[in-house]
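Engineer: This structure is in structure tokens; I'll ask about it shortly.
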Amino acid sequence: AQTVTQSQPEMSVQEAETVTLSCTYDTSESNYYLFWYKQPPSRQMILVIRQEAYKQQNATENRFSVNFQKAAKSFSLKISDSQLGDTAMYFCAFIPYGTASKLTFGTGTRLQVTL
Amino acid sequence: SAVISQKPSRDICQRGTSLTIQCQVDSQVTMMFWYRQQPGQSLTLIATANQGSEATYESGFVIDKFPISRPNLTFSTLTVSNMSPEDSSIYLCSVAGGGLFSNTGELFFGEGSRLTVL
């Protein structure tokens, strides 16, 4: 069974600063995807960034980037130039390759961006 | 990406009643998923709904309590039966990326249905 751990229940960052959210996972699979999802107060889960395990290059999407350490089973999210609209719950998620696979979510990190 | 519409957005229900949540997708998809998110918690998978077959339920969830329909490739319903206050949650519909013929791993989500049971 796969597990996803987010050890930071809450974090705070000032606007324009950089923040890193941590995520570790445990799996015996060698091929899988990792994701960060954002859930603002409006509730809709939004995909922020995606990483395929076979790719060594870290994924980036504008102000969002990841530090993927496969051997350490670590997948952290860095948010640069934080904006008030980044205030949300952030969930790390894992899914092995395969059409019948299911997504496993971490417990989430609540990020508050302040002025 | 897929656009997913869920109805109702929110509802307040009486103990012992049942409520059906609808999920409509703007494109044909193979796999649809129903999640529950209890207040302040992460997402828990209730069941996977494939068109033309019975839903597959996760441990702790049963068909009598959460019957699911999947009549076609763009629509599904989840019913929460005989509700109690413990069923107060957000219920989210999601679909796998890749449409009919592949699974690209990510899920796309509806806006969720917030149920409060009194």
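The values are calculated or read from the model by the stated rules, or taken from the named source; none is laboratory data. Values in this document were obtained by computation on a predicted structure and should not be read as measured data. Here Cβ is always computed from backbone atoms with ideal geometry, including for glycine, and neighbour counts include all displayed protein chains.
Engineer: Out of (1) more than 25 Å from A:Ala16 (Cα to Cα); (2) polar (S, T, N, Q); (3) touching a residue at least 60 places away in the same chain (Cβ under 8 Å); (4) surrounded by fewer than 17 Cβ atoms within 10 Å (Cβ to Cβ), what's the single condition that is false for A:Gln112?
Structural biologist: It is condition (1) that A:Gln112 fails.
Engineer: Suppose we keep only residues that are surrounded by fewer than 19 Cβ atoms within 10 Å (Cβ to Cβ) and assigned to a strand (DSSP E or B) within region B:29-51. Which one would you say is modelled with the highest pLDDT?
Structural biologist: In this case the residue turns out to be B:Thr44.
Engineer: Which condition does B:Ser113 not pass, out of (1) touching an Asp or Glu at 6+ places or on another chain (Cβ under 8 Å); (2) within 28 Å of A:Tyr97 (Cα to Cα); (3) touching a residue at least 40 places away in the same chain (Cβ under 8 Å); (4) not hydrophobic (A, V, I, L, M, F, W, C), if it passes all the others?
Structural biologist: Result: B:Ser113 passes all but (2).
Engineer: Next question. Do you know which residues across region B:59-93 are part of a strand (DSSP E or B), farther than 20 Å from B:Glu106 by Cβ and free of Cβ contacts under 8 Å to residues at least 60 places away in the same chain?
Structural biologist: B:Ile68, B:Ser69, B:Arg70, B:Pro71, B:Asn72, B:Phe75, B:Thr77, B:Leu78, B:Ser89
Engineer: Would you check which residues across region A:28-81 are aliphatic (A, V, I, L, M) and farther than 23 Å from B:Val95 by Cβ and list them? Step through it out loud before you land on a result.
Structural biologist: At the first step, the residues of region A:28-81 found to be aliphatic (A, V, I, L, M) are A:34, A:45-49, A:53, A:59, A:66, A:71-72, A:77, A:79.
Selection gives A:Val66, A:Ala71, A:Ala72, A:Leu77, A:Ile79.
Engineer: Hey, another quick one. Here are some residues: B:Thr30, B:Thr56. Which one is closer than 26 Å to A:Leu34 by Cα, within 14 Å of chain A (Cβ to nearest Cβ), free of Cβ contacts under 8 Å to residues at least 40 places away in the same chain and β-branched (Val, Ile, Thr)?
Structural biologist: Just one listed residue meets the conditions, B:Thr56.
Engineer: Now for a different question. Among the residues of region A:24-59, what is the count of those that are more than 12 Å from the chain's Cα centre (by Cα) and either more than 12 Å from every other protein chain (Cβ to nearest Cβ) or surrounded by fewer than 20 Cβ atoms within 10 Å (Cβ to Cβ) (or both)?
Structural biologist: 18
Engineer: Keeping to region A:84-105, report how many residues are farther than 18 Å from B:Cys93 by Cα, in contact (Cβ under 8 Å) with a residue 24 or more places away in the chain and within 8 Å of another protein chain (Cβ to nearest Cβ).
Structural biologist: Of the residues in region A:84-105, 1 are farther than 18 Å from B:Cys93 by Cα, in contact (Cβ under 8 Å) with a residue 24 or more places away in the chain and within 8 Å of another protein chain (Cβ to nearest Cβ).
Engineer: Any residue at all in region A:10-18 that's within 15 Å of B:Glu106 (Cβ to Cβ) and out of contact with any helix residue (DSSP H, G or I) (no Cβ under 8 Å at 6 or more places or on another chain)?
Structural biologist: Within region A:10-18, the first condition is being within 15 Å of B:Glu106 (Cβ to Cβ), and the residues that meet it are none.
No, region A:10-18 contains no residue that is within 15 Å of B:Glu106 (Cβ to Cβ) and out of contact with any helix residue (DSSP H, G or I) (no Cβ under 8 Å at 6 or more places or on another chain).
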